[in-house]
Structure formats: C-alpha cells, structure tokens
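Report on the structure given below.
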Amino acid sequence: MPPTATEAPLLPPARRSRPTTSLTFGGVRSRVARSLRQAAPALLAYTAVRVFALLVLGVWAHKEGHGIWPTLAADWDSKWYLGIADHGYERTLGTEYDANNLAFFPLYPYLVKGFAVVTPGSRASVGLVLAVVCSFAAAWGVFAVGNRLHGRRVGILLTFLWACLPVGLVEWMGYTESLFTAFAAWSLYAVLTGRWVWAGTLAALSGLTRPTGIALAAAVSLCGLIALRRRFSPRVLAGTLLAPLGWLAYVGWVGLRLGRWDGYFAVQKLWHNELDGGVETLRRMREFLAYDSTPELFLVIVTATLLASVVLWGLSVWDRQPLPLLVFTGVLLAIVLGSGGVYFSRARFLLPAFPLLLPVALVMARASRRFLVLGVTSAVLCAAYCGAYMVLVWPSAP
C-alpha cells in the first residue's frame, strides 16, 4: 500500500539493487511499457479534457470569425520562440524590451529548429506539435508522481486536475510550459525513486527551458546535499552537481554575449521583471480586489490562481509532502509572486507546479461518487471556458 501524505518521506529511501537484466534494452522497454499501461487511464482523462477544451475553443472561434491555428501556434510568446529558431539571439542589450529576445531560454526554440529540418510543415506547426507531444510526457510524469506517493487513483486525479487548470490550454500552444513540466515531473519522480543522475540531468534540461528551472535545480540539489550528509554516493553527488548546470550555462552565456557579468539580469530588468519581494504582486491584487468595481475576468482568474496556490502550498506543508516537491513549488511560488514583471502571465508561470494539486486530488479520491461527478464536470467546463476566453477575449498574452 502506498504511503499516505503524513507518512511520505522527506527524501526517497535508498534504492535496492536490481537484477542485471533490468539494465538491458529489453528490460527497459518492458518497464516503460508496464508504466505506460498503468498510466493509460490518466492519459485518456488528460486527452479527453484537452480535446473537449479544443472543441469549445473551435466552436467559439468559429462564431467570432477567428482562426485558432495562429493563436495556438504563432502568437504572443510563440512569436519570440519562432524568431529565435529563425534568426538566433540578439548580440546587444538595447533599450527596448520588445527588441531583445535573450529573456527566452534556448532549448525549446532550438528543438523546434532541429525538428523542422527533418519534418514537413512550418516551424510554427512543428513547435505546436512538439508542445502537444511534451504535454503527454508531462501528464505521464504527473501521474507517476501521484501514483508513487498515493496510488493509482490519486495519480489519475492529479493528472486530470493538471489538465483542468484555468490556463491549461497553454499546454497545447507553442509555449514552453509543456516541455518544462515534463522535465519537472520526471525529475521529481527520479528523486523520489532515488535515480539521482536522471534527476540532475532533467533538472539541467529544465534550466535550459525556462528561467524558473532554477526552482527545480534547487529542489534536486538541496535534497541531494541532505542525502550526501547521510551517506556519500557518487550518483547523488553527480545529480546534485548536474541540476543547476543548464540554468547557469545559459545565464553565463548571456553574460558573455553581452560582455557584462550581469547580462541576463540586465535583460530581465529591461523587461521590468526584477524581483521586488512581492510588492508589485500585492499592489495588483489590492487594485483588483479592493478598487476595481468591474475587474477583467482573466485578471480575476489570475488573482484567484495565485491566492489558491499559496493556500495549497500551505496545505502541502501540512500534509508533509516529500521535501523535493515542497522545495520545487515553494521556490517557484517565491519567484512568481516576488517578481515585479507582468501580472497577467503569472497563472501560466505556475502551470508546472502540479504538486500543489495533490491536496485536492486526495480530497477527491475520498469523495462520494456524487461529489466526484459534480467536481469533475465543473472542472472540465471551467477549463474549457477559461481557455477559450483566454485566447479569444483577453486581448493580451496568456
């Protein structure tokens, strides 16, 4: 029987030795197939939510006379990633944020560029397909974490809830959230199962994908250091050292490219995205909640998401989630809430913080059938409506 929330260890137990046959290609393939079969209901639930949301978007867009392909594949941040794939990075800092693409990390646009060479279609279509494929890898990883900690039912519900987030449509857009969440989920799973080299490698890749990759690096490295204090292991040391390398490599490269040690942070300052301890976040929340008599719906969704995330992190601490999950979501929350940058994208920035949904998944797993049906139906309808509203009505980036 899997451990309950209060019994879950802060760090993964030491792994038992495995038969040599498990290291063969056939053994690995068998384990992957078995894991995929176990995750199949979660992946079907994820697919159902996303397809329904896409159908609602299509019907709404048709009535409004909008096309959905440009919105999903080549709008807003997607333009920046496609521009990097087409032309590379800027060589100077400049004075305007909309002329500097060094704020965007390189792995996703270079993957788009690489796959576009060997596949048909435009780079925009390749980027969208890549995001969709990565979203399934992410959903699989989300299930794996939930299943590892609390069993299959909770794993399925956790995956379903991740699909139903109000900004979940971004998972099927030409953005980096799906790729980053895939790295985060499987890296955390690797820590929970004692696969430290895999954990560090995936954390390093996440650090080449989004600036918030430093949150995953912090989770892996901190837990690795704690494990090393208990008992030295070359694999734990390797994972601990690997985890921050991707983020440090890109930040260092930007500094070299701009000829200044703080080059990356100068770029973030140009984008008004400095850490201010949460002053801007609190100001915007106060503005919407106290002074705006008719607040924009999407900004209400963002504000509600931020407040709910803080509450859910507190519940996660109360439930004694494993330390890697708490550190990852805690640092990610600190970055998102403590930033002085744009407010309306912050719900999207928290999309990879799927462990915050574990308390809700646990409640749903114990709920009556009637409550579960009501909750599932409401979540799906809310996800479909909010996603369509986000890209068809809200005038700015998700």
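The values are calculated or read from the model by the stated rules, or taken from the named source; none is laboratory data. Nothing here was measured: the structure is a model prediction, and the numbers come from that model. No Cβ is skipped: glycine too gets one built from the backbone with ideal geometry, and neighbour counts run over all protein chains shown.
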Those residues of the stretch 159-207 which are among the aromatic types (Phe, Trp, Tyr), in a helix (DSSP H, G or I), more than 16 Å from residue 328 (Cβ to Cβ) and out of contact with any Leu (no Cβ under 8 Å at 6 or more places or on another chain), in sequence order | 160
Top-ranked residue of the stretch 314-355 - restricted to ones that are touching a helix residue (DSSP H, G or I) at 6+ places or on another chain (Cβ under 7 Å) and of a type in the set (Ser, Thr, Tyr), ranked as nearest to residue 287 (Cα to Cα) = 343
Being in contact (Cβ under 8 Å) with a residue 60 or more places away in the chain, out of contact with any His (no Cβ under 9 Å at 6 or more places or on another chain) and surrounded by fewer than 24 Cβ atoms within 10 Å (Cβ to Cβ) narrows 278, 255 down to just 278
Criterion: farther than 22 Å from residue 52 by Cβ and among the aliphatic types (A, V, I, L, M) - qualifying residue of 139, 190, 163 = 190
Kindly establish whether residue 209 is surrounded by 21 or more Cβ atoms within 10 Å (Cβ to Cβ), in contact (Cβ under 8 Å) with a residue 40 or more places away in the chain and farther than 24 Å from residue 177 by Cβ.
-> no
Sole residue being at negative phi and touching a strand residue (DSSP E or B) at 6+ places or on another chain (Cβ under 8 Å), chosen from 301, 335 | 335
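Of the residues 255, 277, 246, only one is part of a loop (DSSP other than H, G, I, E, B) and modelled with pLDDT of 90 or more; which? Explain how you work it out, then say what you get.
On the way: 255 fails: part of a loop (DSSP other than H, G, I, E, B); 246 fails: part of a loop (DSSP other than H, G, I, E, B).
Criteria check complete, one pass: 277.
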Filtering the stretch 39-88 down to residues that are surrounded by 15 or more Cβ atoms within 10 Å (Cβ to Cβ) and either closer than 30 Å to residue 152 by Cβ or in contact with a His (Cβ under 7 Å, 6 or more places away or on another chain) (or both) yields 39, 41, 42, 43, 45, 46, 49, 50, 52, 53, 54, 56
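Residue-wise test of (1) part of a helix (DSSP H, G or I); (2) within 23 Å of residue 192 (Cα to Cα).
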position	(1), (2)
294	no, no
298	yes, no
314	yes, yes
317	yes, yes
320	no, yes
326	yes, yes
332	yes, yes
347	yes, no
361	yes, yes
Scan the stretch 351-398 residue by residue and report those that are hydroxyl-bearing (Ser, Thr, Tyr) and farther than 20 Å from residue 152 by Cβ.
-> 377, 378, 385, 389, 396
Six or more apart or on different chains, Cβ under 9 Å: which pairs go from a residue in the stretch 130-146 that's over 23 Å from residue 117 (Cα atoms) to one that's crowded, with 24+ Cβ neighbours inside 10 Å and of a type in the set (Asp, Glu)? Could you list them?
-> 138/171; 138/177; 139/171
Is it true that some residue in the stretch 84-92 is without any contact (Cβ under 8 Å) to a residue 12 or more places away in the chain, over 30 Å from residue 190 (Cα atoms) and not in a helix (DSSP H, G or I)?
-> yes
Output the residue which, of all residues in the stretch 349-359 that are buried (at least 21 other Cβ atoms within 10 Å of the Cβ) and part of a helix (DSSP H, G or I), is farthest from the chain's Cα centre (by Cα).
-> 358
Could you list, in sequence order, all residues of the stretch 235-250 that are within 28 Å of residue 261 (Cβ to Cβ), hydrophobic (A, V, I, L, M, F, W, C) and either surrounded by fewer than 24 Cβ atoms within 10 Å (Cβ to Cβ) or over 19 Å from the mean Cα position of the chain (by Cα) (or both)?
-> 237, 238, 241, 242, 245, 248, 249
Exclusive hit being surrounded by fewer than 24 Cβ atoms within 10 Å (Cβ to Cβ) and within 12 Å of the chain's Cα centre (by Cα), set 137, 185 | 137
